[in-house]
1. 5 Å is the cut-off here: which amide hydrogens, built 1.01 Å from N in the peptide plane, fall below it relative to residue 15, excluding neighbours closer than 5 in sequence?
2. Restricting to lysines 8 or more places apart or on different chains, can you count the pairs in segment 1-58 with Cα atoms under 27 Å from each other?
3. Is segment 1-67 best put as rounded, prolate or oblate by its Cα gyration tensor, with a ≥ b ≥ c the root eigenvalues, rounded for a/c under 1.5, and otherwise prolate when a/b is larger than b/c, oblate when not?
4. Which order do the peptides 40-48, 26-34 take when ranked by the mean count of other beta-carbon atoms within 10 Å per residue, highest first?
5. Can you list the HN-Hα couplings for segment 5-10, worked out from phi with the Karplus curve (6.51, -1.76, 1.60; θ = phi - 60°), rounded to whole Hz and with x for Gly and Pro?
Amino acid sequence: MGAVWKQDLTSEATHMLVGESSTKKYKYVAKQRPDVKVVTINFVEAARKLWLNGEDIVLGDLEQQHKLPTFHEFKICVTNLQEGISTSIALFWLRGLILLFVSPDDRRPK
């Protein structure tokens, strides 16, 4: 298929296969290497299947289908909520900011 896999993150790296986003290497790429496409490990198998079937591999489409989701492994802890009240939490991604809205269920944002 033509790709070369390396354990180390070199300046020639174009893609990073990610199983989890808590690694130092992933955090470095997320902050310092916007040129590196971060994709799930399924990316390689999907490319392999297309190649074996003799189909065209449109790299941009494949990258889009297998890019790491924005909130992959995102965790949040909300404390000091009034006991006995069911609460809705809504997260919004806006230009690099995470907006968090917490409200009782009866006043849920629409």
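Read the figures in this text as sums done on the coordinates, not as results from a lab. Remember, predicted model here, so these are calculated numbers, not experimental data. Cβ: placed from backbone, ideal geometry, glycine included. Neighbour counts: every protein chain shown.
1. Long-range HN contacts for residue 15: 37.
2. Within segment 1-58, the lysine pair count is 10.
3. On the way: a/c = 2.11, a/b = 1.90, b/c = 1.12.
It comes out prolate by the Cα gyration axes.
4. 40-48, 26-34
5. So the J values, rounded to whole Hz, are 9, 9, 5, 7, 8, 9.
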